[in-house]
Amino acid sequence: MQFIKDNDLYKVARITGPTHNFLAIRLSKKKCVPQVIPLPIKQGGVERLDKEKVLAQVLNGLDVVNQELGKEYFVSEIQFVPSDTESSSVYIFLVNELIKRIDSNGEFVVI
């Protein structure tokens, strides 16, 4: 996985064999309804992901990691690529990994 910090956006890209997923989040200081932004897909790409399903997974993963860490992180923005590989749980995993890395002051490639 590759972890990137681009201003106040935290990004993770995961490629495992034929599957690929990208997630970017912007943190908030208070609870809010996140804005979900589907990023442009490459020409000829097929839309596979629904933003409501991505939102549900991210919020689920955020609840899990907040409980695990005993903290309260909030997300104000979610970005994803609609042509990425469909999964019922990958965005739970990705937001979990992002928040844990943020919480532990882990390394990010800064751009």
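Summary of computed values
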quantity	calculated
Accessible area, probe 1.4 Å, largest first, for residues Ser104, Ser88, Ser28	Ser88, Ser104, Ser28
Accessible carbon and sulfur surface of the chain relative to its total accessible area, %, 1.4 Å	50 percent
DSSP bridge pairs, the chain: antiparallel proportion in percent, nearest 5	75 percent
Residues of the chain: accessible area per residue with a 1.4 Å probe, Å²	60 Å²
Nearest-ten-degree value, helix 51-69 long axis tilted from longest Cα axis of the chain	30 degrees
Qualifying trypsin sites (Lys or Arg not before Pro) in the range 1-93, DSSP loop, other Cβ atoms within 10 Å at most 12	Lys29, Lys30, Lys31, Lys42, Lys71
Under 23 Å between alpha carbons - lysine pairs in the range 30-107 that sit 8 or more apart or on different chains	12
Tensor-based shape of the range 34-111 (alpha-carbon gyration tensor, a/c under 1.5 rounded, otherwise prolate or oblate)	prolate
For the chain, size of Cβ-based charge dipole, Lys and Arg +1, Asp and Glu -1, in debye	160 debye
Around Leu9: net Lys/Arg minus Asp/Glu count, Cβ-Cβ under 14 Å	+1
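The values are calculated or read from the model by the stated rules, or taken from the named source; none is laboratory data. This one's a predicted model, so the numbers in the text were calculated from it and none came from an experiment. Glycine also receives a Cβ, built like all others from the backbone with ideal geometry; neighbour counts cover every protein chain displayed. Accessible surface is based on the protein model in full, side chains and every heavy atom, while ligands, DNA and RNA are left aside. Shrake-Rupley method; radii C 1.70, N 1.55, O 1.52, S 1.80 Å.
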